[in-house]
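> Got a structure here, written out as structure tokens. Questions coming.
What follows draws every value from the coordinates through simple rules; no lab data is involved. The structure presented is a predicted model; accordingly, all values stated were derived computationally and were not measured. No Cβ is skipped: glycine too gets one built from the backbone with ideal geometry, and neighbour counts run over all protein chains shown.
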Amino acid sequence: MTGASVARARSSLWLTFRDLPSSLTVGLILVGLIVLVALVGPILLSTDPTALHLEDALLPPSTAHFLGTDNFGRDVLVRIIYGASTDLQIGLFCVVPPMIIGATLGGLAGFYGGWLDIILMRLADVVVAFPFFVLVIAIVAVLGPGLTNMYIAVAIVGWTAYARLIRGEVLVAKQADYVNAARVLGYRDGRILLRHLLPNVAGQALVFATSDFVLDILLGSSLGFLGLGARAPAPEWGVMIADGRNFITQAAWTTAFPGLAIVIVALAFSLLGDGLADVLRVEDRR
Amino acid sequence: MLTFLARRFALLVPVAIGVTLIVFLLVRLIPGDPAVNMLGIHQTPALLAQLHAQMGLDHSLPEQYLIFMGRVLQGDLGTSYFYGQSVISLVSDRLPPTLFLLTYASVLTTIVAFPAAILAALRRNSVWDQVVRFTFIFGISLPAYWLGIIFILAFAIALPIFPVAGYGITFLDHLRYLFLPAATIALGVIPLVLRAMRASLIDVLRADYMDTARAKGLPPRTVLLRHGVRNALLPAITVLGVNIGWLIGGTVIIENVFAIPGLGQLMIFSVSNRDYPTIQAVTLVFAVLVVLVNLATDALYLILDPRVRGSVR
């Protein structure tokens, strides 16, 4: 490669970076920071976020406790930092299993059609007739409260959205020339699905997954708030808000700050998703 | 039009069967004797025997489903373990506050979202449009239950304008008591509705009849209001109908924040008391509500838009 072409490659790389929507850049930076806090925070702090210090109960924000303490004297900031890994984990475990199940079923339904398609899509119609939140709560109610059961419930309900999305995309994509070419080459269905169709339909699923991630963090913390997800004394933001609510008039910080943490994380991922959607739309146009 | 509605109803049958099937299977998710699982802490030998007979547990699963359906169709949803009352009367007592709240939140959503969407659609890519876009991103990032608590703190405790919780007795009471909860739910739905309304308005503004109206020399205001807004109202209503599931989800959690004696509060309360017949019934009622609202949205479309009527026949 000549010097000039390297320079050109570099400048085009810089251009692509500069062309990124600002929402994507800001979202990426924020998400990076949040993940860093969730991963490194607990290692640096290495305290027990559930240990009681009753003598320090309900202290307002100060230099000793930046965001104050809760009714058990636990530092709110420390619990928020520990909560970051819980709430990110909630988002992840509520997104990935439904995505894998939904993408697989939707991909197969779209690719093969027939009775599989009919049964799966009618099943999806029925699941969608329930308000998402209500059906998740009903399933958690039967399985019993707790994070694992919440993940199971979300997987049972949440796969439908991914299945519908991927099925639609596959239906369109399987008509494309590159799929016919792959067929002519004699590739097996599995290879066509995984190596040819999946990369082409993954973008939309990814955009959807980012907004789904936001909704799931809100859902997970809501269930924590209602006592159906993470359980006290776990440092989960929804649980913290539920605890803090009882002291709202004396110590609003115990409620306000965990909520702000949720807003910041949700905002970061929303920006990321918005930017991602923008980039993909641009690519579609090209 | 009647044939259209009849056909729409016919399509509902498989969904209705599926919905009842899911509600039926719900308590059978756990392996073992469903009657034992359902009764849980409420278990007594007499109740167990009664439930066995009631659920028809000595029959096959399909037969059990038919028994269940037969009872549902007769309006018998079982007896609540906690309240010792028939579930159907429990649910019908709790339905009005929930419906009131849902309607109130929908009205507030429309009042805010529709004018904002018009502004954003008229001045595309302006500051206004950017504001609308950011409102969407920001709005979907707010946890409703937390916002509700902050509202209580701000507008019921610090500035005692609204009651902290409850439902009230008269219609005016309801309007006052439910304002903060309805506003909280609306704030969660406005971003979704706003974005969809903006898109549909942009389509309407580009339509040929808008050009015709302008070419006739009608004043811009008349063009916008008589031709633009009127045609955009319909998609706007649909957007609200499509989002009924989110509205209900919001209602369930917000009723628990503001202590409103509706179905959502009943549901969470029944979950903590493992009152399965009530959980089943509330889940079923919410699903029926979603299906009915979707049907009503379709019917409304039919009534308001003569073109749909023509194309259906």
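> If neighbour count is taken as other Cβ atoms inside 10 Å, put B:E63, A:E169 in order from fewest to most. Before the final figure, lay out each step's value.
On the way: B:E63 11, A:E169 22.
So the ranking, lowest neighbour count to highest, is B:E63, A:E169.
> Convert each backbone phi in the stretch B:42-48 into a coupling constant with the Karplus relation 6.51 cos²θ - 1.76 cosθ + 1.60 (shift: θ = phi - 60°), then list the ³J(HN,Hα) values in order as whole Hz, x for Gly and Pro.
In residue order, the calculated couplings are 8, 6, 9, x, 5, 4, 4 Hz.
> Within 10 Å of each Cβ in peptide B:269-278, how many partner chain Cβ atoms are there on average? Round it to a whole number, please. Don't skip to the end; give the middle numbers.
On the way: counts 0, 2, 10, 5, 1, 3, 1, 3, 0, 1.
Across B:269-278, the average partner-chain Cβ count within 10 Å equals 3.
> Residue by residue through B:241-249, how many Cβ atoms from other chains fall within 10 Å of the Cβ on average? Don't skip to the end; give the middle numbers.
On the way: counts 0, 0, 0, 1, 8, 4, 1, 5, 11.
The shielding value for this peptide is 3.
> Most fluctuating residue of B:Y145, B:Y301, B:Y209 in a GNM of chain B with Cα springs under 10 Å: which is it?
Its mean-square fluctuation being the largest, the pick is B:Y209.
> According to a simple spin-label model (label point 7 Å from Cα along Cα-to-Cβ), what is the distance in nm between A:L185 and A:V279?
Using points 7 Å along Cα→Cβ, the separation is 2.6 nm.
> Hey, another quick one. Can you run phi through the Karplus equation (6.51, -1.76, 1.60; θ = phi - 60°) for the stretch B:218-224 and list ³J(HN,Hα) in whole Hz, with x for Gly and Pro?
Using θ = phi - 60°, the values come out as 5, x, x, 4, 5, 4, 5 Hz.
> Neighbour counts of other C-beta atoms within 10 Å: give me B:R221, B:R133 arranged from fewest to most.
Details: B:R221 8, B:R133 18.
With the sparsest Cβ surroundings first, the list reads B:R221, B:R133.
> Per residue of B:280-289, how many C-beta atoms from partner chains lie within 10 Å of its own C-beta, taken as a mean?
Working: counts 3, 0, 3, 8, 3, 1, 7, 9, 1, 3.
The mean count of partner-chain Cβ atoms within 10 Å per residue comes to 4.
> Could you run the Karplus curve 6.51 cos²θ - 1.76 cosθ + 1.60 with θ = phi - 60° over the stretch A:200-216 and give me ³J(HN,Hα) per residue in whole Hz, x for Gly and Pro?
Calculated HN-Hα couplings, in order: 7, 9, 5, x, 4, 5, 5, 4, 5, 4, 5, 6, 5, 4, 4, 4, 6 Hz.
> Could you sort B:151-159, B:15-23 so that the peptide with the highest average Cβ count within 10 Å comes first and the rest follow in order? List each step's numbers first, then the result.
Numbers: B:151-159: 15.8, B:15-23: 18.6.
Ranked from most to least packed, the peptides come out as B:15-23, B:151-159.
> Let me ask something else. For helix B:179-205, what angle does its Cα long axis make with the longest principal axis of chain B, in degrees from 0 to 90 and rounded to 10?
Helix B:179-205 and the main axis of chain B meet at about 50 degrees.
> Quick one: order A:L120, A:L185, B:L39 by neighbouring beta-carbon count within 10 Å, fewest to most.
Values: A:L120 21, A:L185 9, B:L39 18.
With the fewest neighbours first, A:L120, A:L185, B:L39 line up as A:L185, B:L39, A:L120.
> Then there is this: Put +1 on the Cβ of every Lys and Arg and -1 on every Asp and Glu Cβ in the protein assembly as shown; which of A:L59, B:L225, B:A183 then has its Cα farthest towards the positive end of the dipole?
Value: B:L225.
> Rank B:I17, B:V91, B:F4 by how far each Cα sits towards the positive end of the charge dipole of chain B (+1 on Lys, Arg Cβ; -1 on Asp, Glu Cβ) and give me just the farthest.
B:F4
> So, by mean Cβ neighbours within 10 angstrom, what's the order for A:50-61, A:251-262, B:229-240 with the highest one leading? Kindly include the intermediate steps, with their values, before the conclusion.
Details: A:50-61: 13.2, A:251-262: 23.0, B:229-240: 18.4.
Highest-to-lowest ranking by the protection proxy: A:251-262, B:229-240, A:50-61.
> Separate question: Under the rule of at least 5 residues apart or a separate chain, name every residue whose amide H is placed under 5 Å from the amide H of A:T69.
A:L58, A:L59, A:V76
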